[in-house]
Amino acid sequence: MKTVAGLAELGIRPASALSADRDGHAANRLPVTATLRDILPGGLPRGSTTTITSAGSGASSLLLALLAAPTKAGAWCAIVGMPTLSLAAAMTIGVDLEHIALIPDPGPDLATVVATLLDGFDLVAVAPASPLTAALCSQLSARARATDAALVSMTTWTGASMTLTAEGGTWYGRRRLRCRQLSVTVTGRGGAGRPRRTQVWLPEDLQFQATLPAADQPRRRLQVVR
């Protein structure tokens, strides 16, 4: 894990400089894990603004799942305003902590902090203490488009390209909890038409899932929500 102060010494590339990853994702998209490809085919679009919400719990887990593939591919990601985020959970889900910058308390200039990070990071996730004004949302989304960075908000965001909603949250494990299943729905312009839903396993550990009873085996399915 790196702090913002230490990142300048590392010669971080601008957000637009990350080339296509080993899995063949287009340079204008960030890769996503296999369990998210049903609802985000091709990856997470650069320059987009995505809102993550949850019906109960699961929003933070879904964010970490979204960060796993990009950080493994070499992308730099920043998380702003989430002081209680578990780094242990992030590592378990597959996030490369060496490509994560944490800004737990951005202070009163959150918008300035996020705008600055969008100039140098591939993905910036932000959890404002209170909803931002429509004008600030518009300005930051425009900055994300200009820098080819992906902006992810953990609260309502005016004009977001799409919304990912996590529901459920069934846990599995023997003696200790080790695997979680979420139902994730994508809506909005980035959803390419009707809302779509799929089952997401966290972590994406197929070896562990193979030990589950037959009745609990993963059933990956994509369905159109009417």
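What follows is calculated from the coordinates using simple rules that are stated; it is not laboratory data. On a predicted model such as this, the values are computed, not experimentally measured, just so you know. Methodologically, a virtual Cβ is constructed for each residue, glycine included, from the backbone with ideal geometry; neighbour enumeration extends over all protein chains shown.
How far is it, in nm, from the label point at Ala135 to the one at Glu98 when both lie 7 Å from their Cα along the line to the Cβ?
4.4 nm
Please give the length that would be gained between Leu87 and Thr155 if that part of the chain were fully extended, namely 0.36 nm times their separation in residues minus their C-alpha to C-alpha distance (nm, one decimal).
Value of the extension gain: 22.4 nm.
Out of residues 5 or more away from Ala125 or on other chains, whose amide H comes under 5 Å of its own, with H placed 1.01 Å from N in the peptide plane?
Here the answer is Ala78, Ile79, Val80, Val152, since their amide H atoms fall under 5 Å of that of Ala125.
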